[in-house]
Structure formats: C-alpha cells, structure tokens
Amino acid sequence: MTSAALSQRVLDEYAAVRESLPAGVVSPERRQEAVQALAARGLPTTREENWRYTNLRPLERARFAPAVVAAADAMGVPAETATPALPLPSGSELPAQLEGFARYTFVDGVFASDLSSPEEQNGLSVHTLRRSARGATSATVFQLPRALPVLGRLPEARLALLNEAFATDTAAIHVGGAAGQPARVEVLFIAVAGADIGTSYPRVQVSLDPASRLILVERHIGAGGGTHFINGLVNVDVGRGAQLTHYRLQQASARATWLDTLSAVLATDARYALLAVNTGGLSARSTTHVQMAGPGAQLVLSVAALGDRQQVQDYFALVEHVAPRARTEQIFRGIASGRARVAFNGKIAVREAAAGTDSRQSLRGLLAGPEAEIDVRPQLEIYTDDVRCSHGATAGKLDDDMLFYLLSRGLSPEVARRLLKWAFLEDVVSKIELPALRRQIEHDLAGQMADAASLKELL
Amino acid sequence: MLKIENLHVKVDGKEILKGLTLTVPTGEVHAVMGPNGSGKSTLANVLAGRPGYEITAGAVTFQGRDLLALAPEDRAREGVFLGFQYPVEIPGVNNVYLLKAAVNAARKHRGLEEVDAFEFLALVREKMRLMRMEESMLSRGVNEGFSGGEKKRNEVLQMLVLEPRLAILDETDSGLDIDALKVVANGVNTLRSAERSLVLVTHYQRLLDYIVPDHVHVLVKGRIARSGDKSLALELERRGYDWVTGEAA
C-alpha cells in the first residue's frame with residue numbers, strides 16, 4: 001500500500017469515529033490538526049533514514065480507530081461512556097504491585113478504576129482526562145504542555161499524531177511543589193483487543209512542578225495473547241530543579257505491534273533518569289525526543305532491548321541541547337538472538353546556544369544468533385565549539401575468551417552463554433534503584449533469555 | 001592420573017607440540033619449565049580443551065579416560081582445573097555466582113545435591129582468608145578491576161573451592177611480587193594430597209622454592225627435552241635455557 005493510500009485510510013477512519021472520541025482528552029480541533037498534519041506528511045516509510053530499521057508493514061494492516069470505540073459500537077453503547085472490557089481474559093496475570101506505589105491501570109487505552117488505586121493521594125493528583133471531562137472525578141482542567149509542538153516538526157515523531165487524533169484517555173500525572181519524599185506512581189497499560197478490532201492508544205502526561213520529585217513506573221503488557229496494535233504517546237515536562245525517575249517496561253504480547261513516542265522537556269537544573277527495558281512485541285519501535293531546554297539540565301537515558309525469534313526492536317532517541325551546561329548520558333545494551341533485529345539509533349544535537357554541553361554515549365549490541373542483526377548508530381550534530389561529546393558504539397558476538405573461561409569452570413555452554421548475555425545487560429539493569437522492580441525486571445529478562453531455570457537460581 | 005603420549009598440536013597451521021610425552025602419577029607435583037615459545041601454554045590450554053588447537057597425533061588419558069574426547073565443561077566436572085595465565089575479566093558475572101555455579105555443575109555431574117548456600121559461603125570465606133583476599137571481591141564481577149596479582153589469587157581461590165583432581169597452573173607466578181607469590185604458593189600447597197596431581201607450568205625456578213615439585217620437565221620446541229628432580233630446576237636457573245636448547249638442537 002502506498003503512503004498516500006495509507007494516509008487516506010487514516011482520514012477515512014478518523015471521519016468515521018470522530019464524533020465518538022472524547023473531547024476532554026484531546027479537543028476536536030487538535031485532533032483535526034493532527035490528522036491533517038499526518039496526511040500532509042504521510043506515514044513513515046523505511047526509505048527514511050531514521051525509520052529504516054523499523055518494521056512498518058503492520059501499519060498496512062492496521063485499523064486505526066480505537067479498539068474501545070469499535071467495541072462500544074458493537075455493543076451499541078456510546079463510545080464516550082464505554083468502559084474497558086473487564087474482567088480480563090482468563091489467565092491474565094497482572095504484575096505484582098510495588099510497595100508504596102499507587103497503581104493506575106488502563107485497558108486498551110481507557111482507565112480501569114476497578115484495577116486502580118484512588119485518584120487522589122498524598123497531595124499528588126492523577127486523573128484521567130476522559131473522566132475529568134465527564135465530571136466524574138476532578139474538575140481540574142489539565143493544561144496541555146508546551147512539549148506538544150514537537151509533534152508537528154519532528155519527522156521521527158510522526159506516529160504520535162495518530163495518538164493525538166484517536167486518543168481515548170490520558171493518565172495525567174501532576175506533581176506539585178517540593179515534597180520530602182518523591183511521589184511514586186505506576187501506570188499499567190494492558191492491551192486486550194486484537195488488532196483486527198482496532199488500536200490501543202496508551203497516553204501519559206507527566207508534569208513536575210519546580211523542585212518536585214517523582215518515581216514513575218510505566219508498564220505495558222498484553223492479555224489474551226492476541227495480535228495487538230499499540231500506539232503510545234508520553235509527554236513529560238520536568239520543571240526547574242525537579243527530578244523524575246522514569247522506568248518504562250515494554251512487555252507487549254509476543255505478536256503485538258508496538259509503536260511509541262515519548263517527548264520530554266527539561267527545565268533549568270531538572271534531572272530526568274529514563275530507563276527503558278524493551279522485550280515485548282513482534283515489531284516494536286520507540287521514539288524518544290528529549291529537549292534540554294534549561295541550563296544545567298541532566299538526562300540519563302538507559303535502554304536495554306532484547307530480540308528473539310523474528311522480533312524487531314527499534315529505538316530512536318534524539319536528545320537536543322538548546323541551553324548551556326546540560327549533561328546527557330545515553331546507554332544502550334541490546335541483544336539479538338534467533339532471527340531478530342535490534343537497533344538503536346541515538347542522536348545528540350547540540351545547538352548554538354548550548355555551550356558547555358557534556359554528552360556521553362555508550363551503545364553496545366550483542367549478536368547472539370547467526371541470523372540475527374544488530375544496528376547501533378551514534379549520531380552527533382554539533383553547532384557550537386565549547387562541548388564535550390564522547391561516544392562509543394560496538395556490535396559483536398559473545399567473547400570467546402569469556403565463554404571458554406566459564407566452560408573451563410564446568411558451566412554448560414547454554415548456561416555460560418546466558419550468563420554472558422545477562423552480564424551484558426548489567427550496565428542498564430544495575431541502574432534500577434528499586435530492589436523490587438529490579439527483581440521483576442531481572443526475572444522478565446531471564447524469562448526472555450530462553451528457559452532460564454538455571455539462571456534464576458543465581459538471582 | 002595423567003598420561004600424555006606423543007602429542008602433536010598445531011596452532012594456525014604451525015606445529016607447536018611435536019611429540020610430547022609426559023606421565024603425571026596420582027599424588028605428584030610436576031613442574032613443566034621452558035623458554036618462551038616452547039609450547040608450555042599450548043600444553044596447558046590443550047589439556048583444558050580450549051578451541052583453536054588442532055591435535056594432529058597422540059593421545060591424552062586422564063584417569064584411564066580419553067581426555068581429548070571430552071568437552072571442556074566435562075573435563076572441569078571430571079576434576080581438571082586450569083589456572084589461567086591471563087584470567088579474563090567478566091563484568092556483570094558475580095564472582096560468588098560463578099563459584100557456586102561451578103561447584104554445583106561438578107556436584108550434579110557426580111549425582112550429588114546442590115551445595116548448601118550457607119555452608120558454601122562459609123567455605124569460600126575461609127579460603128579467601130587463606131588467599132588474603134578482601135571479602136568485598138566476592139560480590140564484584142569476575143576479575144573485574146582486579147590487579148594482576150589479585151587475578152592470580154582468584155584463580156587459586158577457585159581451585160581451592162573446586163578441589164580438582166588434576167590442577168594445571170599456567171604461569172600462576174608471573175607478575176607476582178614476592179609476598180603475593182608466597183600467598184599463592186601457600187594456597188597451592190594446602191591442596192597437595194595423595195589423591196591429587198598438580199602440573200605447574202612456569203618460566204622461572206622461583207615458584208619452585210615455595211612449591212617443591214616431585215619432578216621437573218624441560219619443554220623445548222614442543223618436546224620434553226629433559227626430566228629430573230627438583231635439582232634440575234636449580235641447574236636450569238644457574239646455566240640458563242641455552243644449556244638445554246643447545247642440547248636439543
């Protein structure tokens with residue numbers, strides 16, 4: 001299907017459901033703008049430099065209308081009042097709740113209060129825009145952040161326009177003034193509906209007032225094992241001197257298509273630690289765009305990605321330095337087994353005003369199968385002299401000397417290989433500061449690396 | 001224990017061992033000395049099963065079994081231990097995990113249950129004291145950031161915990177100062193027993209002051225050129241390798 005034909009289909013599908021989309025989540029005007037912008041630019045194709053590693057074929061078969069809207073139609077209820085299909089399919093297991101974390105769950109992109117904590121807690125407010133719009137919870141009108149303009153100009157963030165047009169709900173998290181302890185929130189997104197029904201649109205809005213602190217766990221899982229089609233959008237706004245630690249776990253179902261755009265703006269002296277572990281989906285692409293807008297802002301972006309079978313795990317990260325003395329650290333560790341392709345394309349752009357920028361990139365890929373593919377690409381674009389930018393990128397196989405050393409101690413080749421893969425991810429995993437979450441992630445990773453019984457005993 | 005007969009080995013198409021014959025009876029300590037390039041490390045690596053060595057002729061039996069037919073991990077589980085000349089660093093693989101995995105692999109092989117975690121840790125701590133190692137090294141990555149001497153001590157620590165039947169120590173003395181050498185030698189000596197054999201591969205006689213061998217062999221150009229008791233090492237020290245290389249030529 002041509003890009004133009006696809007764009008036309010987006011327009012048609014939007015026209016068919018526009019009346020059913022909640023205005024409180026995204027206004028009709030903004031939805032219309034998004035659809036038109038997408039039609040004008042076209043959907044991405046692999047001919048574009050920063051999309052070349054993505055598997056975009058699932059777009060051709062996608063139904064862009066939200067799954068919840070299609071389901072409401074089928075049931076003959078107004079889409080705006082549709083609640084998620086509960087209970088979840090039998091056999092669905094939710095991850096254990098983390099102590100001290102309020103959890104907010106969304107099913108196919110719509111808030112599921114039955115699976116969630118109370119919406120007001122310790123001065124922190126989390127609301128879902130859909131409910132706010134109906135007056136069900138809070139009357140607060142959430143100010144949409146200044147980060148949004150990025151949607152219009154960045155070609156790599158185009159798929160966010162689909163979310164903007166079709167969004168069904170938003171987890172809006174706002175953390176007020178300086179508190180002693182950081183606020184702790186988990187948002188859990190569960191994809192249930194099959195891709196033949198429609199798309200799931202997870203959407204998160206995070207806003208930190210100056211000097212506030214938040215630890216956010218964002219988890220994406222699937223239920224029912226279907227071919228989900230997921231298109232997420234996360235907007236992050238870290239205020240002056242605020243600190244956000246953000247864990248993102250992409251654990252979509254094995255047959256899911258996962259597309260995701262995260263856009264963040266960091267104010268003066270803001271600190272943002274973003275740690276993503278991507279293991280799920282059949283075709284996955286994450287786009288992250290962080291703007292270092294204030295002097296002295298600090299970003300640590302750590303990404304671990306595992307691909308096996310015929311998975312495609314593609315990550316594009318752009319960090320834009322527009323203010324002086326900001327610091328960026330980018331760490332990527334990816335392992336491709338089977339016939340998988342794992343890619344990380346990390347770009348750092350230092351604009352003229354960004355004197356004193358300090359950026360470091362350490363990107364490493366591990367080829368763990370003869371038919372697997374690893375692509376790691378550091379890109380630097382520097383428009384000022386006074387900067388310190390270092391980067392290292394490697395892609396290779398398991399080290400033969402390390403492997404022989406472990407064998408010579410009696411470990412089987414399977415365990416030795418798994419242990420070395422494990423060790424390879426350590427630079428990212430060791431950055432997880434919550435012991436309970438770290439254990440969950442370690443078990444997820446161990447589970448991804450084949451039947452890991454022998455490894456789990458070591459954990 | 002170990003019987004090597006007429007062993008020929010090629011590396012990258014070049015013959016390094018050219019008919020090496022050596023027998024190490026149970027309970028004995030044998031030193032294999034030789035100048036650089038004589039094939040000492042090749043011998044150690046071939047015995048442990050390192051890939052990249054082409055065995056063109058000869059045989060090696062270990063406790064009556066064909067050692068060369070065993071995979072490296074099976075050699076280890078049967079009780080063959082190689083102390084590496086250059087122990088590799090493996091960041092992210094915890095030292096104590098590796099020790100435990102290694103011990104359990106050998107136990108499983110012998111049909112034994114897994115080691116008790118508390119008893120195991122107590123044993124490891126005891127051996128670490130013997131090797132004068134900081135306990136904090138246990139939770140670090142294997143050899144990660146260790147000095148040369150610490151790596152060698154860690155090799156001997158692993159050997160003490162694994163209690164192999166046959167230990168081959170490849171230049172475990174190189175790069176050690178005299179104090180570290182004594183610690184390492186002391187560790188090795190605690191393992192000497194009537195049921196165990198040791199092969200010390202070394203360039204220098206110095207190590208043999210502290211670990212006194214039953215037999216000394218001089219390896220020249222891929223063959224044992226001369227064998228004797230510990231006095232041979234002293235004579236070598238005095239006269240230099242030219243003495244035997246001259247004879248062998």
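None of the figures in this text is laboratory data; all of them are computed from the coordinates on show. Just so you know, these numbers come straight off a predicted model, no measurement behind them. Heads up, the Cβs are rebuilt from the backbone with ideal geometry, glycines too, and the neighbour counts pull from every protein chain shown.
Among A:Gln97, B:Ala225, A:Leu188, whose Cα sits farthest toward the positive end of the charge dipole of the protein assembly as shown (+1 at Cβ of Lys/Arg, -1 at Cβ of Asp/Glu, about the Cα centre)?
Result: B:Ala225.
What do you get for the angle between helix B:117-130 and the principal long axis of chain B? Use alpha-carbon atoms, 0 to 90 degrees, nearest ten.
50
What fraction of the DSSP beta bridges in chain B is antiparallel, stated in percent and rounded to the nearest 5? Don't skip to the end; give the middle numbers.
Details: 24 of 42 bridges.
Given both bridge residues lie in chain B, the antiparallel proportion sits at roughly 55 percent.
Taking amide H atoms as placed 1.01 Å from N in the peptide plane, list the residues 5 or more away in sequence, or in a different chain, whose amide H sits under 5 Å from that of A:Ala254.
A:Gly281
Anything in chain A that counts as a DSSP H helix reaching 18 Å or more along its axis (C-alpha) with Kyte-Doolittle mean of at least -0.5? List them, would you?
Values: long enough: A:3-17 (21 Å, 0.35); A:28-41 (20 Å, -0.99); A:413-429 (24 Å, 0.26); A:435-448 (19 Å, -0.89).
Going by DSSP H runs, the hits are A:3-17, A:413-429.
Could you tell me the distance between the Cα centroids of segment A:21-60 and segment A:236-259, to the nearest Å?
Segment A:21-60 and segment A:236-259 have Cα centres spaced 20 Å from each other.
Using packing as a proxy for protection, rank A:267-280, B:193-206 so that the peptide with the highest average count of other Cβ atoms within 10 Å comes first.
On the way: A:267-280: 22.5, B:193-206: 18.6.
Top to bottom by mean Cβ count within 10 Å: A:267-280, B:193-206.
Counting alpha carbon pairs within less than 8 Å and at least 6 residues apart, what relative contact order, in whole percent, applies to chain B?
After rounding, I find 28 percent.
Does anyone have the angle between helix B:148-162 and the longest principal axis of chain B? Alpha-carbon axes, 0 to 90°, nearest 10?
70
Classify chain A as rounded, prolate or oblate from the Cα gyration tensor: take a ≥ b ≥ c as the square roots of its eigenvalues, call it rounded if a/c is under 1.5, otherwise prolate when a/b beats b/c and oblate if not. Mind showing how you got there, number by number?
On the way: a/c = 1.39, a/b = 1.23, b/c = 1.13.
The shape class here is rounded.
For B:Ile16, enumerate residues with amide H under 5 Å from its amide H, sequence gap 5+ or separate chain, H modeled in the peptide plane.
B:Val9, B:Lys10, B:Val11
Between B:Arg238 and A:Ser27, how high is the FRET efficiency from 1/(1 + (r/R0)^6) when r is the Cβ-Cβ distance and R₀ = 60 Å? Nearest 0.05. Display every interim value, and only then the final one.
Values: r = 95 Å, r/R0 = 1.58.
About 0.05, to the nearest 0.05.
Whole angstrom only: what separates the Cα centroid of segment B:32-75 from the Cα centroid of segment B:93-169?
23
Amide H neighbours of A:Thr328 under 5 Å, counting only residues 5+ apart in sequence or on other chains, H built in-plane at 1.01 Å?
Long-range HN contacts for A:Thr328: A:Leu299, A:Asp358, A:Ser359, A:Arg360.
Where does the charge balance sit around B:Met133 when Lys and Arg score +1, Asp and Glu -1, over other residues with C-beta under 13 Å from its C-beta?
Numbers: positive: B:Arg125, B:Lys127, B:Arg129, B:Arg132, B:Arg140, B:Lys151, B:Lys152, B:Arg153; negative: B:Glu126, B:Glu134, B:Glu135, B:Glu150, B:Glu155.
Charge balance near B:Met133 sits at +3.
Looking at segment B:98-146, which GluC sites (Glu not before Pro) are in a loop (DSSP not H, G, I, E or B) and have at most 14 other Cβ atoms within 10 Å? Let's see the in-between values first.
Details: sites: B:Glu113, B:Glu114, B:Glu119, B:Glu126, B:Glu134, B:Glu135, B:Glu144; in loops: B:Glu113, B:Glu114, B:Glu134, B:Glu144.
Qualifying residues, ordered by number: B:Glu113, B:Glu114, B:Glu134.
Neighbour counts of other C-beta atoms within 10 Å: give me B:Lys100, B:Lys14 arranged from fewest to most. The partial results should precede the final answer.
Working: B:Lys100 20, B:Lys14 8.
Arranged by neighbour count, lowest to highest, B:Lys100, B:Lys14 become B:Lys14, B:Lys100.
Work through the residues other than A:Leu94 whose Cβ is under 10 Å from its Cβ and net out their charges, Lys, Arg +1 and Asp, Glu -1. It would help to have the intermediate numbers written out before the result.
On the way: positive: A:Arg103, A:Arg219; negative: A:Glu93.
Combined, the nearby Lys, Arg, Asp and Glu give +1.
Measuring from label point to label point, each 7 Å out along Cα→Cβ, what is the B:Glu119 to B:Ala69 span in nm?
3.4
Under a GNM of chain B (C-alpha, springs under 10 Å), which listed residue has the highest mean-square fluctuation: B:Ile55, B:Ile211, B:Ile16?
B:Ile55
Among B:Val60, B:Gly111, B:Tyr97, whose Cα sits farthest toward the positive end of the charge dipole of chain B (+1 at Cβ of Lys/Arg, -1 at Cβ of Asp/Glu, about the Cα centre)?
B:Val60
A:Tyr383 to A:Glu329: extension gain in nm, 0.36 nm per residue of separation minus the Cα-Cα distance?
Values: separation 54, 0.36 × 54 = 19.44 nm, distance 1.88 nm.
Full extension from A:Tyr383 to A:Glu329 adds 17.6 nm.
For the pair A:His443 and A:Asp12, how long in nm is the line joining their label points, each one 7 Å along Cα→Cβ?
According to this spin-label approximation, the distance is 4.7 nm.
How many angstrom separate the Cα center of segment A:273-325 from the Cα center of segment A:178-234?
Taking the Cα centre of segment A:178-234 as reference, the centre of segment A:273-325 is 16 Å away.
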